[in-house]
1. Considering only residues that are in contact (Cβ under 8 Å) with a residue 12 or more places away in the chain and within 21 Å of the chain's Cα centre (by Cα), look in region 171-185 and name the one that is least open to solvent (accessible area, probe 1.4 Å).
2. Being surrounded by fewer than 16 Cβ atoms within 10 Å (Cβ to Cβ), part of a helix (DSSP H, G or I) and in contact with a Phe, Trp or Tyr (Cβ under 9 Å, 6 or more places away or on another chain) is the filter here; which residues of region 78-124 pass it?
3. Within region 262-293, track down each residue that is assigned to a helix (DSSP H, G or I), surrounded by 14 or more Cβ atoms within 10 Å (Cβ to Cβ) and either touching a residue at least 40 places away in the same chain (Cβ under 8 Å) or touching a helix residue (DSSP H, G or I) at 6+ places or on another chain (Cβ under 6 Å) (or both).
4. Please count how many residues of region 1-38 are part of a helix (DSSP H, G or I), aliphatic (A, V, I, L, M) and free of Cβ contacts under 8 Å to residues at least 12 places away in the same chain.
5. Across region 125-146, which residue is least open to solvent (accessible area, probe 1.4 Å) among those that are in contact with a Gly (Cβ under 8 Å, 6 or more places away or on another chain) and among the aromatic types (Phe, Trp, Tyr)?
6. For the list (1) under 18 Å from residue 42 (Cβ atoms); (2) of a type outside the set (S, T, N, Q); (3) in contact with a helix residue (DSSP H, G or I) (Cβ under 7 Å, 6 or more places away or on another chain), I need the number of the one condition that residue 211 fails.
7. Can you give me the number of residues within region 39-65 that are open to solvent by 20 Å² or more (accessible area, probe 1.4 Å) and touching a residue at least 40 places away in the same chain (Cβ under 8 Å)?
8. Quick one: in region 1-28, which of the residues that are in contact with a helix residue (DSSP H, G or I) (Cβ under 7 Å, 6 or more places away or on another chain) and basic (Lys, Arg) is nearest to residue 290 (Cα to Cα)?
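The values are calculated or read from the model by the stated rules, or taken from the named source; none is laboratory data. Everything numeric in this text was worked out from a predicted model, so none of it was measured. Here Cβ is always computed from backbone atoms with ideal geometry, including for glycine, and neighbour counts include all displayed protein chains. Side chains included, ligands, DNA and RNA excluded: accessible areas come from the protein's heavy atoms. Shrake-Rupley method; radii C 1.70, N 1.55, O 1.52, S 1.80 Å.
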Amino acid sequence: MEHRKENLNDFAVGVNRFIIGLGKKVLLANQFAVISDTVFGNVNSTSTTNSFLLLWMGAIAYTLQIFFDFAGYSDMAIGLGRMFGFHFLENFKYPYISKSISEFWRRWHISLQTWFKDYIYIPLGGSRVKSKVRLVFNIFVVWFLTGVWHGANWTFIVWGLMYFVLLILEKFFHVDQKMGRFKHVYTMFFVMLGWVLFRSDSLSSALVYIRSMFGFGCKGFMDAYVIQYCQQYGLYFIMGILCSMPIFKNINHIFKKNMIYNLVYIVCMCGILYLSIIFIFSNAYNPFIYFNF
């Protein structure tokens with residue numbers, strides 16, 4: 001508080017970062033929420049009324065929703081801090097480009113993982129313990145507590161333990177390395193299954209959802225909702241996938257000294273801010289998923 005320094009450049013960078021975060025939350029996350037909430041709402045502890053493709057669409061929608069929701073809030077916090085002289089560390093570093101579960105958790109919710117590492121994992125002895133059993137125990141404690149931290153529900157605990165198992169398989173059996181060119185597919189497959197667990201109301205509902213994703217108990221292959229959502233939200237899916245990768249960041253680094261590019265960039269930022277405000281005041285769907293945690 002005493003040593004922070006405010007300046008015009010930091011304020012401008014902060015405003016820019018805040019607008020990007022606001023756009024992620026309002027223009028992307030909230031749109032994916034419409035699909036994911038509908039699809040997950042059609043699943044109960046015994047059955048689902050969703051088709052095979054709609055289930056996968058719902059899982060992809062929530063995968064994108066939770067990223068842009070969490071990353072959007074982080075960007076807004078980082079931006080606000082920068083405006084007033086605070087330089088916060090990055091919290092999300094394009095986690096969906098990861099090629100292993102270990103890499104995913106080095107890129108996802110970095111502040112949370114850093115806390116668990118500094119205050120749980122290292123005090124337990126970390127990876128410098130003498131036996132593998134103790135190392136496995138330390139990792140188990142961290143991921144069990146990570147699940148509990150998110151809420152008093154078996155879905156969160158099983159979600160944490162799922163990552164414990166996957167990380168053990170990577171650490172001792174190098175499962176990720178054995179995937180070869182399919183490393184990214186392997187990583188995103190389990191990340192998406194994890195998000196189904198994370199989003200489901202109960203463990204039984206999650207099992208019904210996951211089972212139906214593989215064709216057991218789903219209502220056909222495709223239904224009218226799939227076509228409807230593709231028509232209404234197809235562009236959002238395309239933008240969501242592109243924005244989850246460092247494509248625009250790389251373009252910005254290449255052309256940031258070009259005056260024409262800078263003018264276009266400013267216009268785009270103003271457009272994102274304008275559209276975000278319009279969406280907010282038009283009473284668009286605006287779920288606050290942090291409330292769950």
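1. If we take residues in region 171-185 being in contact (Cβ under 8 Å) with a residue 12 or more places away in the chain and within 21 Å of the chain's Cα centre (by Cα), then 176 is least open to solvent (accessible area, probe 1.4 Å).
2. Scanning region 78-124 gives 111, 112.
3. Hits for region 262-293 are 269, 272, 273, 275, 276, 279, 280, 289.
4. The number of residues fulfilling the criteria is 2.
5. So the residue we want is 143.
6. Status for residue 211: all satisfied but (3).
7. 10
8. 25
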